[in-house]
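Following: one structure in structure tokens, then a few remarks.
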Amino acid sequence: MFNNMLKRPKKDDLAEYRNLMDVPDTFIDGFNIRSLLGAVFVGMIMVPGAMYMSLLAGQGIGPAAQWVTVILFIEVARRAHKTLHRAELYVLFYLAGAVMAVPFSGLLWNQFFVQSNAAKAAGIADALPLWFAPKDPDILATRTFFNVHWIAPISIILFGLIVGRINQLILGYGLFHLTSDIEKLPFPMASVGASGIVALAEESEHSVDAGEKQVGWRWRVFSMGSGIGMLFGLIYMGLPTISGAFLAKPLMAFPIPFLDWTTKTGSFLPAVATGISFDLGQFVLGMVMPFYAMVGSFFGLIITFVLNPILYKLGYLPSWNLGDNTITTLFKDNMDFYFSFTMGLSFAIAIVGIIQVIIALRNAKKKGDGLMSVREELNSKDLKSRGDFRMIWVVISYILTTSSYIIVSGYLLNWHKGAIIAFSIIGFVYAPIMTYVRTRLEGVIGQTFAVPMVMQAARILSGFHGAAIWFVPVPQAEVQTFAVKYRQAELTGTSFKSIWKAQIFLIPIIICGSIFFANFIWGMAPIPSPRFPFTEKMWEFTAMNQCIMFSSTMGGYSQFEAAFKPLLIFSGIGIGLVTFGLFSGLGLPIVFVYGAVRGLGQTWPHTVIPQFLGALVGRYYFQARFKENWRKYITVGAAGFSCGAGLITILGVGFTFLKNAVIQLPF
């Protein structure tokens, strides 16, 4: 069977997602009072559940918040004999997703990191600035953000939130205009989200016209997925969430976030992290994602299982000891080998990505689509109703926002000249070029990449000494995913003005909901603690890995110097490029190649194995049974699954919040 999986497919998996929809002739403003109520609903009900679940199990409630909000409002409108058009539904969907951004949950990490063992051992804890987090144990012991000492950290987050949203809106539009309107890139993944909204809109219109008696296949599949998600969520997330409200340590039917086998397999798989996650969502994800991407990830995992014992015997992984668990094994392997080797692999991915962009540009020129034909087509569109504006405002906005980042960072670093120069080069030269390249890749193949270590190198080469430079807001134009949202809005006939209005009303909701619920959850129990098993198991590991890099600007010999090995970096680049060339020459899909090259680094088996099993079941059972309809079924069914699991999660969190909100009187 594995030989069959590696045969060259008749067509690229991503081709299934391309050109699924046509752009409507008219565009409608979908923002109204119903949209605002939807955002408030998600902000008050879904956001606390997402925050709590991220601490409990390392995962939020996924797209459940978006689908629940849309379906709820469709049902309310149906009872009132009203129809929600697709523009209204897309704005609801967009708002429900955007409001899930919880910037102040980062303060929970800050309070942990400033008192973590990793930061203290690396000598970083004492060097952390007060605008990152207060360091006084008495202040931290109160477990509340409503304290004068938290004003500076909150202000930094507010600045990043507001300026970042402006960048997303305006620069995101500019990139969409360049890559979609002018270059005609397909943005394959945009069609996936937009088609779901259109399907729900058509179902709503049909049910009202038909007296709401007729139910389409989408509702049946969505309901089946929701039922499975609710049953699984009750066991996997509901039990520990509800029991945690009454017990010091929550009950768990399955280990969260994973079952660790590393201590038992170390005798015959030295320096290899083993285990498995019982999260059914990973199995479902494997069925949803492109099949060859999952095969590539599993292939990378197998390579890791074979490579690590060899490296251990050759002396390249000397720190590992028999009896080390997953967390310790991954950290030691990272320090000894994979920190530098993975850096080289990432450079290889970046090089290949840039080559793909150059090839795509040449192919576009060969097609003869000149600027004149592009202008004629744009002139034929009603760009005013779509909500377009002149590109000069994109340039002006980017200059202002990037300058504000540099000014604030300079002030926080006492106007260190090297840091200001480094951030200026990043903001005005590197960021706009690479953001365009990444947006092009998103538009061509539905995937993107990040050139590794650029921001880290800028900080190190700036000459700044201390830890503060790692926590200042920096000009990073990470807006390629927002170009996808503009494409989705276009496909659903939604005026771009709807998104801008939504953001204006959205920011206050995000600020108030995020900081209030972060404060409430912190007040329930210390973080990390047995109450939040994911943080107790994973946060110290994350802190140890971050301190490797942070120590590079502290002066003297650091963990970064111990982990940074130029020979391994160049080896990673060479092996990555050779692997790309070999697999591409064999005609393997591009998603397999990316998965395999990334998998040559440290791959977590806990999630890769259930994802691969899900891909196999989806490909060789369900797709064989349902043929070309399987892709439609699993997309809707997965949305239903996340919705059902999310509902149970919200219910459990509700029990927890109610229990902790009760004030016990002394009589």
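Out of A502, A525, one residue alone is within 19 Å of T142 (Cα to Cα), in contact with a Phe, Trp or Tyr (Cβ under 9 Å, 6 or more places away or on another chain) and at pLDDT 80 or above. It is A525. It is to be established whether one or more residues within the range 76-83 are touching a helix residue (DSSP H, G or I) at 6+ places or on another chain (Cβ under 6 Å), closer than 25 Å to F222 by Cβ, touching a residue at least 60 places away in the same chain (Cβ under 8 Å) and not in a helix (DSSP H, G or I). Scanning the range 76-83 turns up at least one residue that is touching a helix residue (DSSP H, G or I) at 6+ places or on another chain (Cβ under 6 Å), closer than 25 Å to F222 by Cβ, touching a residue at least 60 places away in the same chain (Cβ under 8 Å) and not in a helix (DSSP H, G or I).
Close Cβ contacts (under 6 Å, 6 or more residues apart or on different chains) running from residues in the range 428-446 that are under 25 Å from I396 (Cα atoms) and crowded, with 20+ Cβ neighbours inside 10 Å to residues that are among the hydroxyl-bearing types (S, T, Y) and at pLDDT 70 or above comprise T439/T179; R440/T179; G443/T179. If the condition is being part of a helix (DSSP H, G or I) and either modelled with pLDDT under 85 or more than 20 Å from I527 (Cα to Cα) (or both), then the range 127-149 contributes A127, V148. Under the condition of being modelled with pLDDT under 85, open to solvent by 60 Å² or more (accessible area, probe 1.4 Å) and part of a helix (DSSP H, G or I), the residues counted in the range 369-413 number 9. Scanning the range 77-126 for residues that are more than 28 Å from the chain's Cα centre (by Cα), over 30 Å from A201 (Cβ atoms) and crowded, with 21+ Cβ neighbours inside 10 Å returns a single hit, A122. Could you please let me know if G196 is within 24 Å of G646 (Cα to Cα), in contact with a Cys (Cβ under 7 Å, 6 or more places away or on another chain) and either buried (at least 22 other Cβ atoms within 10 Å of the Cβ) or at pLDDT 75 or above (or both)? Spelling it out, it is not the case that G196 is within 24 Å of G646 (Cα to Cα), in contact with a Cys (Cβ under 7 Å, 6 or more places away or on another chain) and either buried (at least 22 other Cβ atoms within 10 Å of the Cβ) or at pLDDT 75 or above (or both).
When the range 537-594 is filtered for residues that are at pLDDT below 80 and in contact with a Pro (Cβ under 8 Å, 6 or more places away or on another chain), the ones remaining, listed by number, are K537, P589, V591. Among the helices (runs of 4 or more DSSP H) confined to the range 231-342, the ones with at least 1 residues that are open to solvent by less than 50 Å² (accessible area, probe 1.4 Å) and modelled with pLDDT of 90 or more are located at 262-265, 291-314.
The values are calculated or read from the model by the stated rules, or taken from the named source; none is laboratory data. Computed from a predicted model, the values in this text were never measured in an experiment. Counting neighbours? That spans all protein chains shown, and the Cβs are built from the backbone with ideal geometry, glycine included. Surface accessibility is based on the protein's heavy atoms, side chains included, excluding ligands, DNA and RNA. Shrake-Rupley method; radii C 1.70, N 1.55, O 1.52, S 1.80 Å.
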